[in-house]
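First the structure, in the form of structure tokens, and then the observations on it.
The values are calculated or read from the model by the stated rules, or taken from the named source; none is laboratory data. Predicted model, so just to flag it, every value in this text is computed and none were measured. Ideal geometry is used to build each Cβ from the backbone, glycine not excepted, and the neighbour counts take in all protein chains shown.
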Amino acid sequence: MMLTYIVLLKESLFWSRRDCTWPNSTDTANHWWQNPSSIFTIYSLTTTNEQGQQEYPIHLGAPLVAVLNATNTGPVISQLQEDIALAEWDPSNCKWNTLPTFGLLNNLNGCTNGIACPIPQGNQVLKVTIDFSKFQAIIGLLKNDAPYQLQITLTNKATNDKIVVTAQARAEIH
Ligand SMILES: *[C@@H]1O[C@H](CO)[C@@H](O)[C@H](O)[C@H]1NC(C)=O
Ligand SMILES: *[C@@H]1O[C@H](CO)[C@@H](O)[C@H](O)[C@H]1NC(C)=O
């Protein structure tokens, strides 16, 4: 009885520690999802560096390109607001903590910040370049080789429709 209890306790400690180190298995691969949308569906999301090479962990200190296979079933998008929320993983509390971004990543014009506009209708490969290297105030807060979460909200300014995608990845900073 006592032994079973100890074994179970050891297992649960093992699993909780394991779960809390790299959420959603971000130690080996990125993890992403999209909020439900009736006008825009993302089928796949991979990341590359500026040279188009896939690398993992990703590097947040250099431009990062998210490559999406997506279908726009809504209207052509020609005015796009981009908001990015950044969170770091807290392994001791097993939760994400939002990082301050000093307003640098809010209310951006997506069309001049890494997205080629207009976004046509139909199935396409869409590239979204995210470049934190110009925001040293943010880079300076980040730990090297840790899990990070980026939530990107793209708002079609003409219709107010939102596309929300969340990506989690292991990142190096340099
Ligand atoms: C893991 O991913 C799922 C979506 O696939 C998400 O709902 C969940 O909150 C994520 N867990 C953590 C700890 O981020
Ligand atoms: C997106 O992925 C689907 C399924 O793999 C594929 O059939 C389609 O050709 C891809 N779209 C583009 C634009 O590459």
Check your understanding: Taking region 58-99 on its own, how many of its residues are within 16 Å of ligand 2 (Cβ to nearest atom) and touching a Lys or Arg at 6+ places or on another chain (Cβ under 6 Å)?
Key -> 2
**Study point:** Filter result (within 14 Å of ligand 2 (Cβ to nearest atom) and in contact (Cβ under 8 Å) with a residue 60 or more places away in the chain) within region 44-57
**Key:** Leu45
Exercise for review: Check region 147-162 and report whether any residue there is part of a loop (DSSP other than H, G, I, E, B), closer than 21 Å to Trp32 by Cα and modelled with pLDDT under 95.
Suggested key: no
Check your understanding: Given the residues Ala146, Ala116, which is the only one that is within 16 Å of ligand 1 (Cβ to nearest atom) and not basic (Lys, Arg)?
Key -> Ala146
